[in-house]
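The values are calculated or read from the model by the stated rules, or taken from the named source; none is laboratory data. Here the structure is a predicted model, which is why all the values come from computation and not from measurement. Quick reminder, even Gly has a Cβ in these numbers, built from the backbone with ideal geometry, and neighbours come from all protein chains shown. Only protein heavy atoms, including side chains, enter the accessible area calculation; ligands, DNA and RNA are left aside. Shrake-Rupley method; radii C 1.70, N 1.55, O 1.52, S 1.80 Å.
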Amino acid sequence: MCGITGIYSHDLVAPELYDSLIQLQHRGQDAAGIITCNEQLHVKRGMGLVQDIFEQRHMDRLKGSIGIAHTRYPTSGSKHSSEEVQPMWTSVPNGIAFAHNGNIVNYGELRAEVLGERKRYLNTESDSEMLMQLFADELFRQMGAGPAEDISDGDFFEVLCRSSDVLYSKMQGAMSAVMLIKDRGLVALRDPHGIRPLVQGERVLPDGTVDHIFASEDTMFYMLGYRRVGDVAPGEAVFISSDRKVYRRRLQQKTFTPCIFEYVYFARPDAMLNNVNVYRSRLRMGQNLGKQWLRRYPDIRPDVIIPAPSTSNTMALSMAKELGVKYSEGLYKNPFIGRTFIMPSQQQRRQSVRYKLSPQELEIRSKDVLIVDDSIVRGTTSREITRMLREFGARKVYFASACPPVLKPCCYGVDMPTSEELIASNMSEEEIRIHLEADLLIYQSMEGLIEAVTRKGNHQIDSPCCACLGGSYIHTQKEQCSCAF
Ligand code: SF4
């Protein structure tokens, strides 16, 4: 999971790209980069948090009114490598900069094609670089020998569509991408299943001209003065030409299966993805979990519901309302410590739960406490929380997961643990309850989760991807996937 954005503005674009990355920082804290363009491409990339990478002297040389940016969460093959920081760029044809969110399942097959038949050089093991070179080569072939500037924007869009269609047909996996093509404009692509999000916005200037933005989430639109236009459709290609005209075409139409985990955990609550509001979907998750609790434990009520902060605050709030039970933020989370999910080692994770969560004794002592978490992945954090609550005098500790058991790794850009590390992959629900040292354990049903995401919103979702929760993988070439099944 990463965050991407692309902006075509009338002014210097680098400050807005920087602000956008800050608003996408929750999608990846491993590395980040910005590429802008005027007469040439200007690049700044680095490892770590956005605010630690970019200094004023870097911003000063990121010239131009068009640019793209990326903040990285390491997916397979890219872990902690500085060569693979995005955006990436290539000089043929035109000069293309590329930022990608997702993961390609048939990477090996396509890499062989890029290196062999297409005779392109690859500098890294990154699937994003491979995709960029595949696209660039196809664009080069489709454009023919003539100079690129001789082609009209309309004709260039036709070439772009043919190249994108080839890319969509060949790739298997998840790809939301923004591209800057020198002297031509800004491009947004989203794979035909729409697994990763990509939102579009525009800003009308006083003279009637329009600036354009694409981003993984619309979390920066309001602050930058953009209006949400909608989502880039699955299998669509959108091109903003140098005179700011919008060209768009849906090239392929397959089942629309966006990642359900975006709603459970990844996306910021104020985001609207695929026309579904993330905050409202989380409220519904808590509501459905509450209903499930009432059916399963009609005679048991906790004294208090406490979220395992902070994604699950919303779910816990609505579950408490459903059960008619007090909601309390009895675990305080230090906001200056990174999410445990993205820390590299198990040992670090075990140590950090107590480091970042501080229990409030008055909310816990002599109470039957129900902890609500967004999901249970390894179980390490959940067990530490249970132990902390007992140390602080909880009479009973119940545990609820707003998401069904996480059973399998993700092939589509989320750095999930392997099956061996996923607790639900190796234990029954009762074994997990014992392992967590909880008095009761309840998981959201798959129906409850899907209903929570798809109940409201003017969306076109056919059925969200739930592969890691026991659903089917969208693509069947498991043997070519780089994640461990
Ligand atoms: Fe999202 Fe899970 Fe599907 Fe990956 S496998 S795209 S995390 S729902």
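Just a few scattered comments:
- When 341, 399, 336 are checked against the criterion of being open to solvent by 10 Å² or more (accessible area, probe 1.4 Å), of a type in the set (Phe, Trp, Tyr) and either within 16 Å of the ligand (Cβ to nearest atom) or at pLDDT 95 or above (or both), a single residue qualifies: 341.
- The listed residue being at pLDDT 95 or above and open to solvent by 10 Å² or more (accessible area, probe 1.4 Å), out of 173, 116: 116
- Filtered residue count, region 121-131, keeping only those that are buried (at least 20 other Cβ atoms within 10 Å of the Cβ) and not small (Gly, Ala, Ser): 4
- Criterion: farther than 16 Å from residue 302 by Cβ, surrounded by fewer than 23 Cβ atoms within 10 Å (Cβ to Cβ), among the hydroxyl-bearing types (Ser, Thr, Tyr) and within 14 Å of the ligand (Cβ to nearest atom) - qualifying residue of 375, 445, 428, 419: 419
- Spans of helices (runs of 4 or more DSSP H) in region 115-232 with at least 1 residues of a type outside the set (A, V, I, L, M, F, W, C) and closer than 21 Å to residue 249 by Cβ: 127-143, 153-170
- Filtering region 230-268 to residues that are open to solvent by less than 20 Å² (accessible area, probe 1.4 Å) and more than 16 Å from the ligand (Cβ to nearest atom) leaves 230, 232, 235, 236, 237, 238, 239, 240, 241.
- Among the conditions (1) more than 24 Å from residue 235 (Cβ to Cβ); (2) among the aliphatic types (A, V, I, L, M); (3) touching a residue at least 40 places away in the same chain (Cβ under 8 Å), the only one that residue 174 does not satisfy is (1).
- Residue within region 78-91 that is at pLDDT 95 or above, open to solvent by 10 Å² or more (accessible area, probe 1.4 Å) and of a type in the set (Lys, Arg) present: no
- Boolean, residue 411 is open to solvent by less than 10 Å² (accessible area, probe 1.4 Å), part of a loop (DSSP other than H, G, I, E, B), in the same structural domain as residue 302 (by TED's automatic domain parsing) and modelled with pLDDT of 95 or more: no
- Scanning region 448-462 for residues that are touching a Phe, Trp or Tyr at 6+ places or on another chain (Cβ under 8 Å) and crowded, with 16+ Cβ neighbours inside 10 Å yields 452, 453, 461.
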